There are 2 protein chains.
Amino acid sequence: MHMSKKLDRTQIITLIACTLAIAAVIAGVLFINQKKSEANNHPYYAELEAAHHDMMTGTMPDPAKQKTIAVLLYEGFTPMDAFGPMASVSTLNGYRVVTVAKTKDPIKAETGTIMIADHTLDEISQADVLIVPGGLFGTIDASKDEQILSWIRTIDKTSTYTTSVCTGSWILAAADVIDGKLASTHWSGKEYLEKLGAKYSDRRYTVDGKYITAAGISAGIDMGLALTAKLKDADAAKAAQLMMEYDPQPPFDSGSPDKADPKLRDIMQNMQDDHIKWAEDQPAHQHEM
Amino acid sequence: MHMSKKLDRTQIITLIACTLAIAAVIAGVLFINQKKSEANNHPYYAELEAAHHDMMTGTMPDPAKQKTIAVLLYEGFTPMDAFGPMASVSTLNGYRVVTVAKTKDPIKAETGTIMIADHTLDEISQADVLIVPGGLFGTIDASKDEQILSWIRTIDKTSTYTTSVCTGSWILAAADVIDGKLASTHWSGKEYLEKLGAKYSDRRYTVDGKYITAAGISAGIDMGLALTAKLKDADAAKAAQLMMEYDPQPPFDSGSPDKADPKLRDIMQNMQDDHIKWAEDQPAHQHEM
């Protein structure tokens, strides 16, 4: 009996040890599944890794199967208005981003930089997203250009989102696609926007139905991230934000008319008013400045 | 006597009225001078208005009398790295901004957009400011290109500021102009930067002597504003900030490796490591991706 009792104790200890071991294995399996489940909470991450794999193996997606984001280029457009949103949508899988202009002749952007569009207006008759950058003299010129306005109306008919940055909303308004709608624009260009038929909004970017319009130049980055979240999800937008290290730390705080020196604001508003008045009085496509 | 006294009173009243009138005129003149003096506190504003006047009257400054800000373009550069700083320095009077590349043949930027540089490397032998944008495959390629590296060393000899955005600091390091110096770069590219001889700094932009290097892509805007303040003054930088409406309001908070989801950060770091390893192993100027 004594031996038997001793064996029983050993058996009990063995049983406890086995139970603990089994519990540990079960806990381990549960832990791994939990981790897998967490990873599955981010389906976008899997897409990102798949796209990376495709890139490294040269298995690039068929452009014909991708949705199209079309960026309008025109003489005098502001490069940052186009390339800010383009950086913000760069992590979207299943989309191709193309630039579109009247011709494939060299275009002189506002900075003087020469660019050539990927496609002519005729070559792109449908796009899921349209992005119209702003500018100044060239933008007023484009807002009088029936070929550009007519193309915008065509694309807008079937677009999921029609968007603009800065004074690009002038062109959308001139094309009559945002008549009576709330729209952002450069702070100094609100009067001209309203003259063209839209209602000015002082938001960083304004969503009115499928129309998303950003405020001045740099606001296109914020708008682009919001657009990416709408087209895919927040994870895709956050990936783009990390990719472009968009953790802004402006060394000054003069980025809006409310924050800037009122004298500076008035000087710049007067300049803008002069520029608009001058450009409005010119015949379309005759001026270059 | 009575009359005489009355006249005296009238004379006194007249005298007081005249004194008040003269005092009012003096006060008015002093007030106007005070206002003029306030305006003179912002000599930059006067310059801004003079530049506007020149623009509206077609009296543009002689490019030969302007200082030069040279922006290096190369196959695969990231457009926002170049156009962010270019927008930030756009309010500088007395400077011309030119793009420079090996040839005037079309260059395909990272976004696929075709651009043509204003000048070849041979045409620009001196610049007050050099701006080197980043990228990925094309940037590693440029960091092996002796023609580009040699040109950077030449420009750097007499530049007031030599700057970069994102992985552009890889090229400066490869050119041996920032050996042992503190430099920012894209958060995922710090190891490669240190391999090339610079010391990584995790600041939004880093000033080490005349070298100003920005972190990833969007940091070029912050760096450009700081550069504008150094080249002119805070007023010029604040004018640029208001012009580009740089009052950032990112819709997400994922713009730095510290703020982003660690899993996303690790995925992107792994991708970048793969890309760098792949590009490093390629012979120079043979790959296009």
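The values are calculated or read from the model by the stated rules, or taken from the named source; none is laboratory data. On a predicted model such as this, the values are computed, not experimentally measured, just so you know. Note: ideal-geometry Cβ built from the backbone for every residue, glycine included; neighbour counts use all protein chains shown. Please note that ligands, DNA and RNA were not included when accessible areas were found on the heavy atoms of the full protein model with its side chains. Shrake-Rupley method; radii C 1.70, N 1.55, O 1.52, S 1.80 Å.
Could you please let me know if A:Ser125 is at the interface with chain B (Cβ under 9 Å from one of its Cβ atoms), of a type in the set (Ser, Thr, Tyr) and assigned to a loop (DSSP other than H, G, I, E, B)? No: the conditions fail for A:Ser125. Within the range B:187-217, the set of residues being part of a strand (DSSP E or B), under 15 Å from B:Val132 (Cα atoms) and touching a Gly at 6+ places or on another chain (Cβ under 9 Å) comprises B:Tyr205, B:Thr213, B:Ala214. Looking across the range A:220-250 at every residue that is basic (Lys, Arg) and in a helix (DSSP H, G or I), the one that is nearest to the other protein chains (Cβ to nearest Cβ) is identified as A:Lys238. Restricting attention to the range B:23-57 and to residues that are modelled with pLDDT of 80 or more and hydrophobic (A, V, I, L, M, F, W, C), the residue that is farthest from the chain's Cα centre (by Cα) turns out to be B:Met56. When the range A:152-177 is filtered for residues that are in contact with an Asp or Glu (Cβ under 9 Å, 6 or more places away or on another chain) and part of a strand (DSSP E or B), the ones remaining, listed by number, are A:Tyr161, A:Thr162, A:Ser164. All of (1) within 28 Å of A:Lys230 (Cα to Cα); (2) within 7 Å of chain A (Cβ to nearest Cβ) hold for B:Asp253 with one exception: (2). Counting just the residues of the range A:99-122 that are more than 30 Å from B:Ala240 (Cα to Cα) and outside any loop (DSSP other than H, G, I, E, B), which one comes out nearest to the other protein chains (Cβ to nearest Cβ)? Once the filter is applied, the top-ranked residue is A:His119.
Selection of the range A:256-273 for residues being in a helix (DSSP H, G or I), open to solvent by less than 70 Å² (accessible area, probe 1.4 Å) and within 7 Å of chain B (Cβ to nearest Cβ) yields A:Leu264, A:Ile267, A:Met268, A:Met271. Here A:Leu130 clears all of (1) closer than 30 Å to A:Pro63 by Cβ; (2) part of a helix (DSSP H, G or I) except the condition numbered (2). No other residue among A:Leu231, A:Leu193, A:Leu172, A:Leu242 is open to solvent by less than 10 Å² (accessible area, probe 1.4 Å) and more than 28 Å from A:Asp274 (Cα to Cα) apart from A:Leu242.
Looking at B:Ile140, B:Ile114, B:Ile131, which one is farther than 26 Å from B:Leu225 by Cα and open to solvent by less than 20 Å² (accessible area, probe 1.4 Å)? None of the other options fit; the residue is B:Ile140.
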